[in-house]
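**Q** Before we start, here is the structure in question, set down as structure tokens.
The values are calculated or read from the model by the stated rules, or taken from the named source; none is laboratory data. Small disclaimer: the values here were computed from a predicted structure and weren't measured. Cβ placement follows ideal geometry from the backbone for every residue including glycine, while neighbour counts extend to all protein chains displayed. Quick note on the areas: whole protein, heavy atoms, side chains included, nothing else; ligands and nucleic acids left out. Shrake-Rupley method; radii C 1.70, N 1.55, O 1.52, S 1.80 Å.
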Amino acid sequence: MTDPQDGARAHRAPHRRPAAHRPTVRRLALPAAALAAFTLVAACAGPPKSGGGADGTGFTLSADTPAAKGPIDSFTWALYAEPPTLDYISAFDYPQNTILSNVCESLMRWTPQLTLAPGLAEKATNPDPTTWVYDLRPGVHFHDGTVMTADDVVYSLGRQMNPDNAAAWAQQFQNVSTITRTGPLQVTVRLTQPDSQFNQYMATAAGAVASQAGVEAAGKDYGTSGSLDCTGPFELGAWNKGQSIELRRFDGYWGTKAKSAKAEFRFLTDPSARVNAMISGEADGGYLIPTESYDRLRNSGVGTLSFGEGLSTVNVNVTNMQGVLGDVRVRQALSLALDRSGFVKAGLGGAGSVTGSLTTRAAWAGAPEDARRSAFEGLTPTTPDLDRAKALIKEAGATGKTITVATSPIGQDVSLLATAVQAAGASIGLDVQLKTIAPNAFTSLFTSAEARQGIDMFPETYYDSITDPLDLLANFKTGAYQNFASYSDPAYDDLVKQATNASDPAQRYAIEARLQQTASRQLLWIPVAEWPTAVFLNKRITGAPTTISYMYYPWAADVGAAR
């Protein structure tokens with residue numbers, strides 16, 4: 001029942017431009033080797049069952065790994081880097097989210113099938129276009145034993161909106177006016193305008209809930225030591241800085257208890273060492289498998305390498321349209337000269353498929369057939385056509401002009417794609433120079449305009465945080481965080497606004513199809529390949545999802561004994 005006095009307890013959105021959406025920062029730079037509007041269930045069907053490149057490269061997308069046959073005392077997971085923090089407002093990268101998804105839960109939940117489901121909110125309703133009402137599960141305990149209330153939700157979401165926190169997910173709250181407790185177990189979010197994406201993002205770390213008392217008690221140390229005081233199936237255990245993080249099963253969990261009593265995440269920054277650990281048994285499994293090690297793991301005999309939907313595309317990010325790349329004919333020529341098939345074989349270990357689309361087909365799983373067809377018809381050609389490419393360069397007067405592409409030894413998908421762009425340019429009369437950037441500095445390309453000075457393009461892998469094409473396509477609206485080349489088209493901006501405001505999913509997908517066609521014609525980024533998620537499990541364990549759902553779904557709770 002709603003307490004009429006509860007409406008006074010609200011978090012109001014500050015009147016300011018939101019911080020950058022950092023899930024499109026480092027996560028996008030990470031290479032393989034470093035590495036529905038009104039209902040609770042989104043209208044999406046999940047990932048396809050298999051995939052294969054147009055070049056004949058084949059791979060199988062598995063919907064899941066076999067379910068665990070029983071409990072297990074513990075398992076060890078290889079992680080390519082140590083999280084700088086586990087504060088949910090800063091959960092913008094693979095290491096943080098791979099761990100945090102098992103400790104802190106959100107209002108909604110992304111399932112292993114990449115669909116939207118109830119999370120800490122057992123019901124979400126949309127009574128009018130600018131209101132979301134979340135009815136919370138009763139009897140949910142935080143790791144400190146206290147019970148979750150609506151006040152904790154208002155506080156937790158409010159931290160994302162506080163400009164002093166510079167939260168990674170602030171942009172997802174840009175249309176929020178107030179977040180109010182409207183009952184002991186009810187929270188109401190009021191928007192300044194309809195936002196078709198808001199409820200979808202409540203399944204990510206943007207919608208995470210922690211104990212207000214716990215966060216305030218920890219102060220500036222929250223996320224770096226002690227308890228996270230969340231509600232997930234695991235609670236934070238020992239954090240051995242520079243070495244490992246331990247999670248312990250939370251026996252007071254409201255849902256299905258974790259099958260493993262403990263999960264240990266070991267930080268193995270060297271790709272070879274990480275693979276060696278999985279083969280030797282030092283680590284039982286891992287995500288983000290170095291692409292050059294696919295065959296080695298497949299043939300190791302100690303476990304299984306599986307692939308699942310990653311909602312990920314490998315692209316060449318165009319960061320400068322003031323110079324030679326300002327002519328769309330030059331961008332078209334580079335695209336036509338690029339050997340995508342060769343890159344998939346060498347850079348992605350054959351586990352990928354060439355594409356002329358910036359978005360994955362799985363991102364359109366919930367779209368009506370006519371919208372999917374419209375989105376993918378006549379996109380960027382993927383078969384090289386050097387004669388046409390040379391003609392375009394000549395027409396543009398760009399013969400001999402210089403383009404600088406950033407590269408890095410961070411992983412072969414970055415270095416080999418940069419080399420492929422250089423080769424493509426040389427074949428059509430462009431002078432493509434490679435600028436090598438240290439691995440630790442490569443991330444700065446996403447956060448610093450100064451770091452991008454003198455850079456015209458760089459390789460980028462982008463994954464969607466929700467199963468909606470707008471997650472990527474909105475990057476090209478005027479002033480968007482990842483719009484590094486400052487592309488501006490009022491008509492494109494208007495379509496982004498229309499798609500955001502559309503309450504009817506069919507209408508939204510139709511608008512997004514138009515956005516996709518515009519991005520393709522203009523080649524705002526050059527699409528190269530779709531890239532699946534890879535996971536390795538040795539013969540001891542099973543149950544981990546194959547899809548990129550592990551970023552926000554409590555996947556470690558499903559891991560148990562394989563036999």
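**Q** Students often get this wrong, so check it: of LYS69/LYS257; LYS241/LYS539; LYS69/LYS262; LYS394/LYS435; LYS345/LYS539, which have C-alpha atoms separated by over 22 Å? Walk me through the numbers before you get to the answer.
**A** Numbers: LYS69/LYS257 14 Å; LYS241/LYS539 29 Å; LYS69/LYS262 17 Å; LYS394/LYS435 25 Å; LYS345/LYS539 28 Å.
Too far apart for the 22 Å limit: LYS241/LYS539; LYS394/LYS435; LYS345/LYS539.
**Q** Just to verify a number: FRET efficiency for ASN165 and ASP387, C-beta to C-beta distance, R0 = 56 Å, to 0.05? Present the calculation step by step, with values, prior to reporting the outcome.
**A** Numbers: r = 54 Å, r/R0 = 0.97.
Once rounded, the FRET efficiency stands at 0.55.
**Q** Of all the C-alpha pairs in the stretch 428-563, what % are more than 17 Å from each other?
**A** Numbers: 6543 of 9180 pairs.
So the portion of pairs separated by more than 17 Å is 71 percent.
**Q** Still on this structure, please answer the following. Just tell me which lysines come within less than 20 Å, Cα to Cα, of LYS390; anything on the same chain fewer than 8 places away is out.
**A** LYS401
**Q** On to the next question. Please report the Cα spread of the stretch 165-261 along all three principal axes, rounded to whole Å, starting with the longest.
**A** Taking the Cα atoms of the stretch 165-261, the three principal extents are 45, 31, 24 Å.
**Q** Hey, another quick one. In whole angstrom, note down how far apart the Cα centers of the stretch 492-548 and the stretch 137-171 are.
**A** The stretch 492-548 and the stretch 137-171 have Cα centres separated by 28 Å.
**Q** Here's another thing I want to ask about it. When the Debye formula is applied to the Cα atoms of the stretch 436-497, each taken as the same point scatterer, what base-10 log of I(q)/I(0) results at q = 0.16, 0.18, 0.21, 0.25 Å⁻¹?
**A** -0.62, -0.76, -0.95, -1.13
**Q** Report, as a whole number in µm² per second, the diffusion coefficient that Stokes-Einstein gives for the stretch 366-423 at 20 °C and 1.002 mPa s using the Kirkwood radius over alpha carbon pairs. Walk me through the numbers on the way to the answer.
**A** Values: Rh = 14.8 Å.
Value of D from the Cα-based Kirkwood radius: 144 µm²/s.
**Q** Something else: What do you get for Rg/Rh over the stretch 386-458 if you use C-alpha atoms and the Kirkwood form of Rh? Intermediate results must be reported in sequence, preceding the final value.
**A** Numbers: Rg = 13.5 Å, Rh = 13.0 Å.
Taking Rh as the inverse mean 1/r over Cα pairs, Rg/Rh reads 1.04.
**Q** Can you work out the PRE-style zone for ALA491? Point 7 Å along Cα to Cβ, and I want the residues of the stretch 314-331 with backbone N under 17 Å.
**A** 328-329
**Q** If you take the alpha carbon radius of gyration of the stretch 487-542 and divide it by 2.2 N^0.38 Å, what ratio comes out, to two decimals? Kindly include the intermediate steps, with their values, before the conclusion.
**A** Values: Rg = 17.9 Å, N = 56, 2.2 N^0.38 = 10.2 Å.
Dividing the Cα Rg of the stretch 487-542 by 2.2 N^0.38 Å gives 1.76.
**Q** Continuing with the same structure: With a bin width of 10 angstrom, please list the P(r) values of the stretch 227-283 as percents of all Cα-Cα pairs, from the 0 bin to the one holding the largest distance.
**A** Taking all Cα pairs of the stretch 227-283, the binned fractions are 22, 40, 28, 10 percent.
**Q** Reported to two decimal places, what Rg/Rh ratio describes the stretch 336-471 when computed on Cα atoms with Rh from the Kirkwood expression? Could the numbers behind the result be given before it?
**A** Values: Rg = 16.7 Å, Rh = 16.7 Å.
Looking at the stretch 336-471, the ratio lands at 0.99.
**Q** In Å², what does the accessible area per residue of the chain work out to with a 1.4 Å probe?
**A** Working: 19910 Å² over 563 residues.
Normalised by residue count, the accessible surface of the chain is 35 Å².
**Q** Okay, moving on. Taking only the alpha carbons of the stretch 281-415, what extent do you get along each of the three principal axes, in Å, biggest first?
**A** Answer, in whole Å and largest first: 58, 41, 26 Å.
**Q** Counting Lys and Arg as +1 and Asp and Glu as -1, each charge on the Cβ, what is the dipole of the chain about the Cα centre in debye, to the nearest 20? Provide the component values of the computation, followed by the final result.
**A** On the way: 47 positive and 53 negative charges, 112 e Å.
Result for the chain is approximately 540 debye, rounded to the nearest 20.
**Q** For the stretch 513-523, in order, what is each residue's ³J(HN,Hα) by Karplus, 6.51 cos²θ - 1.76 cosθ + 1.60 with θ = phi - 60°, in whole Hz (x at glycine and Pro)?
**A** With coefficients 6.51, -1.76 and 1.60, one gets 5, 5, 4, 4, 5, 5, 4, 6, 4, 7, 6 Hz.
**Q** Taking each pair of distinct Cα atoms in the stretch 67-180 once, what is the resulting Kirkwood hydrodynamic radius in Å?
**A** On the way: mean 1/r = 0.0607 Å⁻¹.
Result for the stretch 67-180 stands at 16.5 Å.
**Q** Using just the helices of the chain, give the 222 nm mean residue ellipticity in deg cm²/dmol: DSSP H runs with n ≥ 4 each add -39,500 (n - 2.57), and the total is spread over all residues, rounded to 500.
**A** Details: 17 runs with 143 residues, N = 563.
So the calculated ellipticity at 222 nm is -7000 deg cm²/dmol.
**Q** Specify whether the C-alpha gyration tensor of the stretch 69-120 places it in the rounded, prolate or oblate class, a ≥ b ≥ c being the square roots of the eigenvalues: rounded for a/c under 1.5, otherwise prolate if a/b is larger than b/c and oblate if not. Could you put the intermediate results ahead of the total?
**A** Numbers: a/c = 1.94, a/b = 1.05, b/c = 1.85.
Cα axes put the stretch 69-120 in the oblate bin.
**Q** Can you find, among LEU120, THR447, VAL140, the residue farthest towards the positive end of the dipole of the chain? Put +1 on the C-beta of Lys and Arg, -1 on that of Asp and Glu.
**A** THR447
**Q** Turning to a different aspect of this structure: Per the Kirkwood definition applied to all pairs of different Cα atoms, how many angstroms is the hydrodynamic radius of the stretch 330-387?
**A** Numbers: mean 1/r = 0.0777 Å⁻¹.
The answer is 12.9 Å.
**Q** Would you compute, for the Cα atoms of the chain, the largest minus smallest coordinate along each principal axis and list the three values in descending order, in whole Å?
**A** That gives 70, 54, 43 Å along the principal axes, largest extent first.
**Q** What spacing in nm lies between the two simple spin-label points modelled at ASP431 and ASP144, each 7 Å away from Cα in the Cβ direction?
**A** 6.3 nm
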